[in-house]
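J.: Here you go, one structure.
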Amino acid sequence: MEQEIKSEFNRMGFTLEEEEEILKKCLTLCINYKLEPSDLVSSWEVYYLNRQLGESVVQNGEMEGFLLHLQNEQKELLVKEEPNLHVYTSKDLDMILNYEEDDSKEGILGTPPGKSPNFSAEPAGLVPNSNGDGYSSGKPTKLVTPFGRRTNRFTVKYSICNVPDADNAENELVPEGSEDEIIKRVQPPNRCSLKFHGSGPKPGCRFMYDRIEDRFNTLDNRIRKHAAALVASGLYEELVDPTVASQRNVFAVGMICCDGEGRLNEKSIILQSSVEHSGGQQVRLDLHQLDQCSIFPGQIVGIEGHNPSGHCLIASKLVDCVPLSASADAGPHPAKKRALDQQIQSDDLSEKQEVLSILIASGPFTTTDNLLFEPLTELLAYANRKPPQVIILLGPFIDSEHPEIKKGTVDKSFDEIFYSEILNKLQDYVEYIGSAARVILLPSVRDANHDFVFPQPAFDIPSKFENQVQSFIISNVVLNYTVLQTFRNVL
C-alpha cells in the first residue's frame, strides 16, 4: 500500500521529503482511519490549501498537523451521521474519573433547570460537564493547562479602596456548601437601566469613504464643544489664540498632536486649537513646568500658560477634564440655604440606597498557549457566585496577536470561535442569572473577527443575544478614556 500512497501523491503533483518515514506514517493513518490512498491524498490536498503551504512537498514536520486535520474530519463525519453522538476522548475519561476534585466544587457556570442550552450552528458541539456544573468543549482544561492548575483562584490581588466587602462578611457566616449559601449565591441582582448617549457607525457599515473635510470638521467640533464646557464652568478665562506671542498668562483649549511618527516625547508635543480661535494652527507645547501630567495623541485639554516667542506655549497648568460648575460668589438666603441642604441630604440618603455593581474586565480572555478561553470561564464563574448588575468586557476577544491566530493553525473561522467561545458562554451566563443580567461588549482594533478601524463599529450581535448582550462603539481613544473615567467615578 505504501507504493499506492506514493503514486497517488506523485499523481497529484506532490513530492515526499523523507519518503520512507512519511510513507510509514501515511500507512498507519490509512489503517487507523480506514482510508484509501486516494482519500488520504485528497485530505492532504485540503490541508495543504488551508495552511497555504508554499511548496508542493510533503514535509515530515507537517504530519502532526495533518493528523489533527484528519481527526477533525472524522469527527465531523460522525456528527453528520449521528448528530446527538459525542465522541469521547481520553481527556473526557480523565475528567469523569476526577470530577470529585475540590476545584470542581467551585460555582462553575451552568444552564438553569428546565432550560436546554441554545447553541448556534457555527460552533462545535459543547457538552455538559460530568459534574453538572457547567459546559466544556470536551477539553478539561483545569487538568492539563497551567492556568487550570493554579491554586489562587478568586483571590483579590489589589484593592483600590479599603472598603469592607459586605458580601464577604456575610459569606463568612454561612457554611460553604449549605443550602442557604447556594440560595444566596444564585440570588439574581436588580436589573438596571442602560442608556447609550452617542452616535457612530452601525455594524456592517462601509468605512474609509468619509471626506477629509468631514474628518476635519469632526475633530474641530470636539475641540469647540470641550472649550465651551470649560468656559461654561466659570473657572477659566475667555479662550485666546495660543499661537500669538504673549507675555501674560492665557488660557487655550486644543488637541494633543505628535510632531512626526512614533510615540510622544517632550520635544514632539503639539497643541492644535480650533478654527474659531486660531484657524486650526498648531503650536509646540512645553510641559516642563508641570509637576506631573499624562497625555496621549487626540486628547482634548485646556492649557494655561504663556507664549513669549509665538513659537512655543509654556504650560503652567493642564486641565484634562471638564470640572463641575463653580458655585456663585454670593451665597443664597440662610433660609433657602437650609432648605437646599435638607434636600441635598435627602437626595444623598436616597442615592446611598441605590447600589450599582459593575464587573469590568479587559481581554484577551485566553492564555497564549491555547484557545480554550479559560480566563473567561473563570470570570463568568466569579460573576455566577457574585452576580453584578452589569458586566463590561473590553476586547480583544479573538486576539489577532495570539500565537495560534498568527500562525493560522486554527481549524475554524474567527467568527465561529467568537460564537462558540464568547457568545455561547455569555448566553449560558445570562440564562443562568436571568433577565437581570446585562453584558456589554466593547470591541478592540486587535479583534481578528472585527473591523480594525476608527471609529470602530459595534459587534454585530445576533438577535437572540440582543436583549441582554449588547455591543457599543469605541469611536476613538478619547471616548474609550472617557468611558473608563465615567466607570471610575461611578465605582
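The values are calculated or read from the model by the stated rules, or taken from the named source; none is laboratory data. Everything numeric in this text was worked out from a predicted model, so none of it was measured. Reconstructed Cβ throughout: ideal geometry from the backbone, glycine too, with neighbour counts over all protein chains shown. Ligands, DNA and RNA are stripped out before the accessible areas are found, and what is left, the full protein with its side chains, is counted by its heavy atoms. Shrake-Rupley method; radii C 1.70, N 1.55, O 1.52, S 1.80 Å.
J.: Restricting attention to the stretch 260-297, and to residues there that are of a type in the set (D, E, K, R) and assigned to a strand (DSSP E or B), which single residue is least open to solvent (accessible area, probe 1.4 Å)? Reasoning before the result, please.
T.: To start, the set of residues in the stretch 260-297 that are of a type in the set (D, E, K, R) comprises 261, 263, 266-267, 276, 284, 286, 291.
Right, trim to assigned to a strand (DSSP E or B) and you get 284, 286.
Details: Arg284: 100, Asp286: 33 Å².
Once the filter is applied, the top-ranked residue is Asp286.
J.: Looking only at the stretch 380-396, count how many residues are open to solvent by less than 30 Å² (accessible area, probe 1.4 Å) and assigned to a helix (DSSP H, G or I).
T.: Filtering the stretch 380-396 down to residues open to solvent by less than 30 Å² (accessible area, probe 1.4 Å) leaves 380-381, 383-384, 387-396.
Filter once more, keeping what is assigned to a helix (DSSP H, G or I): 380-381, 383-384.
Of the residues in that region, 4 qualify.
J.: Output the residue which, of all residues in the stretch 368-379 that are assigned to a helix (DSSP H, G or I) and of a type in the set (A, V, I, L, M, F, W, C), is least open to solvent (accessible area, probe 1.4 Å). Let's see the steps before the verdict.
T.: At the first step, the residues of the stretch 368-379 found to be assigned to a helix (DSSP H, G or I) are 374-379.
Now restrict to residues that are of a type in the set (A, V, I, L, M, F, W, C): 376, 379.
Working: Leu376: 1, Leu379: 33 Å².
Here the answer is Leu376.
J.: Scan Leu235, Leu239 and give me the residue that is over 17 Å from His311 (Cβ atoms), without any contact (Cβ under 8 Å) to a residue 60 or more places away in the chain and assigned to a loop (DSSP other than H, G, I, E, B).
T.: Details: Leu235 fails: without any contact (Cβ under 8 Å) to a residue 60 or more places away in the chain.
Step by step, each of Leu235, Leu239 is checked, and only Leu239 is over 17 Å from His311 (Cβ atoms), without any contact (Cβ under 8 Å) to a residue 60 or more places away in the chain and assigned to a loop (DSSP other than H, G, I, E, B).
J.: Additional query: Inspect the stretch 217-224 for any residue being open to solvent by less than 40 Å² (accessible area, probe 1.4 Å), assigned to a helix (DSSP H, G or I) and not polar (S, T, N, Q) and give the result as yes or no. Talk me through it step by step, then tell me what you get.
T.: Within the stretch 217-224, the subset open to solvent by less than 40 Å² (accessible area, probe 1.4 Å) is 220, 223.
Keeping just the survivors that are assigned to a helix (DSSP H, G or I) gives 220, 223.
Filter again for not polar (S, T, N, Q), leaving 220, 223.
Within the stretch 217-224 (the criterion being open to solvent by less than 40 Å² (accessible area, probe 1.4 Å), assigned to a helix (DSSP H, G or I) and not polar (S, T, N, Q)), the answer is yes, since at least one residue qualifies.
J.: In this structure, is Gly305 in a loop (DSSP other than H, G, I, E, B), closer than 20 Å to Val231 by Cβ, among the small types (Gly, Ala, Ser) and in contact (Cβ under 8 Å) with a residue 12 or more places away in the chain?
T.: Details: in a loop (DSSP other than H, G, I, E, B): no; closer than 20 Å to Val231 by Cβ: yes; among the small types (Gly, Ala, Ser): yes; in contact (Cβ under 8 Å) with a residue 12 or more places away in the chain: yes.
Criteria not met by Gly305.
J.: Identify the single condition in (1) on the phi > 0 side of the Ramachandran plot; (2) at pLDDT 60 or above that Gly114 does not satisfy, given that it satisfies every other one.
T.: (2)
J.: What number of residues in the stretch 26-51 are outside any loop (DSSP other than H, G, I, E, B) and open to solvent by 80 Å² or more (accessible area, probe 1.4 Å)?
T.: The first filter runs over the stretch 26-51 and keeps only residues outside any loop (DSSP other than H, G, I, E, B), leaving 26-33, 37-51.
If we keep only those that are open to solvent by 80 Å² or more (accessible area, probe 1.4 Å) as well, we get 31-32, 49-50.
Here the count works out to 4.
J.: Still on this model: Does the stretch 399-416 contain at least one residue that is out of contact with any His (no Cβ under 8 Å at 6 or more places or on another chain), open to solvent by less than 30 Å² (accessible area, probe 1.4 Å) and closer than 22 Å to Phe196 by Cβ?
T.: From the stretch 399-416, those out of contact with any His (no Cβ under 8 Å at 6 or more places or on another chain) are 399-410, 412-416; that's our starting set.
Filter once more, keeping what is open to solvent by less than 30 Å² (accessible area, probe 1.4 Å): 399, 402, 405.
Cutting the leftovers down to closer than 22 Å to Phe196 by Cβ gives us none.
Checked the stretch 399-416: no residue is out of contact with any His (no Cβ under 8 Å at 6 or more places or on another chain), open to solvent by less than 30 Å² (accessible area, probe 1.4 Å) and closer than 22 Å to Phe196 by Cβ.
J.: Continuing with this model, one more query. Can you pull out every residue in the stretch 52-72 that is closer than 19 Å to Tyr33 by Cβ, open to solvent by 40 Å² or more (accessible area, probe 1.4 Å) and either among the hydroxyl-bearing types (Ser, Thr, Tyr) or in contact (Cβ under 8 Å) with a residue 12 or more places away in the chain (or both)?
T.: Leu67, Leu68, Asn72
J.: For the stretch 178-194, how many residues meet the condition of being modelled with pLDDT under 75 and either out of contact with any Lys or Arg (no Cβ under 7 Å at 6 or more places or on another chain) or outside any helix (DSSP H, G or I) (or both)? Even if it seems obvious, please write down each step before you answer.
T.: To start, the set of residues in the stretch 178-194 that are modelled with pLDDT under 75 comprises 178-189.
Next cut, either out of contact with any Lys or Arg (no Cβ under 7 Å at 6 or more places or on another chain) or outside any helix (DSSP H, G or I) (or both) only: 178-184, 186-189.
The qualifying residues number 11.
J.: Do you know which residues across the stretch 41-59 are of a type outside the set (Ser, Thr, Tyr), in contact with a helix residue (DSSP H, G or I) (Cβ under 9 Å, 6 or more places away or on another chain) and closer than 14 Å to Phe9 by Cα? Write out each step before concluding.
T.: Step one: of the stretch 41-59, the residues of a type outside the set (Ser, Thr, Tyr) are 41, 44-46, 49-55, 57-59.
In the following step, the residues that additionally are in contact with a helix residue (DSSP H, G or I) (Cβ under 9 Å, 6 or more places away or on another chain) were identified as 41, 44, 46, 50-51, 53, 58-59.
Listed by number, the residues that qualify are Val41, Trp44, Val46, Val58, Gln59.
J.: Hey, among the residues in the stretch 10-21 that are of a type outside the set (D, E, K, R) and in contact with a helix residue (DSSP H, G or I) (Cβ under 6 Å, 6 or more places away or on another chain), which one's surrounded by the most Cβ atoms within 10 Å (Cβ to Cβ)?
T.: Filtering the stretch 10-21 for residues of a type outside the set (D, E, K, R) gives 10, 12-16.
Filter again for in contact with a helix residue (DSSP H, G or I) (Cβ under 6 Å, 6 or more places away or on another chain), leaving 12, 16.
Working: Met12: 14, Leu16: 18.
Ranking the qualifying residues of the stretch 10-21, first place goes to Leu16.
J.: What's the total number of residues in the stretch 425-436 that are buried (at least 22 other Cβ atoms within 10 Å of the Cβ) and over 14 Å from Ala381 (Cα atoms)?
T.: 0
J.: Determine which member of the set Lys80, Lys6, Lys75 is open to solvent by 30 Å² or more (accessible area, probe 1.4 Å), touching a helix residue (DSSP H, G or I) at 6+ places or on another chain (Cβ under 8 Å) and not aromatic (Phe, Trp, Tyr). Spell out how you get there, then give the answer.
T.: Numbers: Lys80 fails: touching a helix residue (DSSP H, G or I) at 6+ places or on another chain (Cβ under 8 Å); Lys75 fails: touching a helix residue (DSSP H, G or I) at 6+ places or on another chain (Cβ under 8 Å).
Result of the check over Lys80, Lys6, Lys75: Lys6.
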